[in-house]
Amino acid sequence: MANKRARVEEKVFEAIEDITEELGIEASTYPEIHLINKKTEFDDLWLPESKRERFESLKEMGGSWYDDSPPGIFLINPSEEDIAEESSHFLHFRHSRIRYTGRTTRDKFALNILVETIGFFCSKLLIPERENTYPTEPDLFFMTPNDRIKCLNDVMKKYGKIAASEFCLYQQARGLGDRMHYAYLTGDLSMEEFRKLFLCSFRGRDNPFSKLVELKMKYWKSQEYQPKPLKHQKTP
């Protein structure tokens, strides 16, 4: 276990360094790495009780999770994609100083989408062949509430409650991140523009919902940025 942990830590730190180089930022600290397996108990991690549900979901569904207080990356059978995305979350929260306090429910959810969008985009900087596995049609964002509920109920019947609860978030985030990465590859989104988004705290005029709508209208609604097969193509 100690050797595996050391190998994973090395990969995380390498991913952090690669992302800082791509974005032109620095990493002055590094997160704690937690490897989770079937024997890991919540109490082993000395986390607050408020994190229990997230931990249990991670054990059940697999995958990865970044928590910012204190900064830590939680991984189960970590893939290169998990490592790249969670490393980007660490850097994103450290540099943007994003906080959820004092926000409306709508803005909190929009902020979650933006955080996951940025994480997916950054992971594709390191792994450009990574694919979005979430269907982008029908687009839940522009649905009526009743149609959205019906669609999510269909997802729940097929994949379960946890999958349904996360479907809207990841459909929006990965669909948008995929389109923004394609715009970056084609030269229509500069790294300077993306870095500005990465460093944004989404306060004031840059509130999360307004920013999300702006990005959706620019990169999702336009057919110009529909991702096309770009496997193995390196980023500029």
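The values are calculated or read from the model by the stated rules, or taken from the named source; none is laboratory data. All values reported here derive from a predicted model rather than from experimental measurement. Note that we place each Cβ from the backbone using ideal geometry, even for glycine, and neighbour counts take in every protein chain shown.
Restricting the first member to the range 122-150 and to residues that are outside the structural domain of residue 193 (by TED's automatic domain parsing), and the second to residues that are among the polar types (S, T, N, Q) and assigned to a loop (DSSP other than H, G, I, E, B), no beta-carbon pair is closer than 7 Å while six or more apart or on different chains. Only residues that are in contact (Cβ under 8 Å) with a residue 60 or more places away in the chain and of a type in the set (Ser, Thr, Tyr) were counted in the range 45-67, giving 1. When residue 116 is tested against the conditions (1) touching a residue at least 40 places away in the same chain (Cβ under 8 Å); (2) in contact with a Gly (Cβ under 6 Å, 6 or more places away or on another chain), the lone failure is (2).
Please work out if residue 84 is crowded, with 16+ Cβ neighbours inside 10 Å, touching a residue at least 40 places away in the same chain (Cβ under 8 Å) and more than 21 Å from residue 33 (Cβ to Cβ). Against the criterion (crowded, with 16+ Cβ neighbours inside 10 Å, touching a residue at least 40 places away in the same chain (Cβ under 8 Å) and more than 21 Å from residue 33 (Cβ to Cβ)), residue 84 does not qualify. Per this entry, residue 81 is not counted among residues that are under 28 Å from residue 205 (Cα atoms), modelled with pLDDT of 95 or more and in contact with a Ser or Thr (Cβ under 9 Å, 6 or more places away or on another chain).
Just need a number here: residues in the range 83-99 that are in a loop (DSSP other than H, G, I, E, B) and aliphatic (A, V, I, L, M). Of the residues in that region, 1 qualify.
Can you pull out every residue in the range 38-53 that is over 17 Å from residue 77 (Cα atoms) and not acidic (Asp, Glu)?
Listed by number, the residues that qualify are 42, 45, 46, 47, 48, 50, 51, 52.
Among the numbered conditions (1) within 15 Å of residue 13 (Cβ to Cβ); (2) modelled with pLDDT under 90, the only one that residue 62 does not meet is (1). The single condition among (1) touching a Cys at 6+ places or on another chain (Cβ under 9 Å); (2) exposed (fewer than 11 other Cβ atoms within 10 Å of the Cβ) that residue 19 does not satisfy is (2).
Summed over the range 130-156, the residues that are loosely packed, with under 12 Cβ neighbours inside 10 Å and assigned to a loop (DSSP other than H, G, I, E, B) give a count of 4.
Against the condition modelled with pLDDT under 90 and more than 25 Å from residue 163 (Cα to Cα), how does residue 3 come out, does it pass? Criteria met by residue 3.
Taking first residues from the range 68-81 that are more than 17 Å from residue 15 (Cα to Cα) and partners that are at pLDDT 95 or above and in a helix (DSSP H, G or I), the Cβ contacts under 7 Å between residues at least 6 apart in sequence or on separate chains come to 68/93.
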